[in-house]
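Working notes, structure below.
What follows draws every value from the coordinates through simple rules; no lab data is involved. Bear in mind the structure is a predicted one, so any value in this text is a computation, not a measurement. Methodologically, a virtual Cβ is constructed for each residue, glycine included, from the backbone with ideal geometry; neighbour enumeration extends over all protein chains shown.
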Amino acid sequence: MPNTNRPTISTHVLDTTRGEPAAGVAVTLWRLDGNGHVSQGTRETDADGRIGDLIGGPLAAGIYRMSFEVGAYYKKKALTAFLDRVTLDFEVSDAARNCHIPLLMSPFSCASYRGS
């Protein structure tokens, strides 16, 4: 991941079925507020399954939503998937700390956690 010298939201997507990073997964980030969802943009994971900065600017405390296009990824691999999109809502309470959210995925299940 690039060192941006500022806190950010990042992700690392791993395809546990294939035992490798999931390159080319579209990930969209929104910031949630009283008026709805404000898109922060969509990016694709790199060859190592990573997106080092989903914000593209200063990180602010608040509620965020990250959506992973799992079904489209497996369709490109000519596999059928039960999961189409994985969506995670999470809170950033300390905007001075990086927020890294890995996703372990397969066509039929997923797991996520707060990484470092």
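Determine the gain in length on full extension of the stretch K75-A61; use 0.36 nm per residue of separation and subtract their C-alpha separation, reporting nm with one decimal.
Values: separation 14, 0.36 × 14 = 5.04 nm, distance 3.51 nm.
Full-extension gain reported as 1.5 nm.
Comparing G56, G19, G41 in a Gaussian network model of the chain (Cα springs below 10 Å), the most mobile by mean-square fluctuation is G19.
Each residue, N5 and F82, gets one label point 7 Å from its Cα in the Cβ direction; the gap between the two is 4.8 nm.
Pair-distance distribution of the range 9-112: all C-alpha pairs, bin width 10 Å, starting at 0; shares per bin in whole percent are 15, 49, 28, 7, 0. Taking Cα centroids, how far is the range 1-69 from the range 95-116 in Å? Going from one Cα centre to the other spans 10 Å. Here is the list for the range 62-116: trypsin sites (Lys or Arg not before Pro) lying in DSSP coil, each with at most 16 other C-beta atoms within 10 angstrom of its C-beta, are K77, R85, R97, R114.
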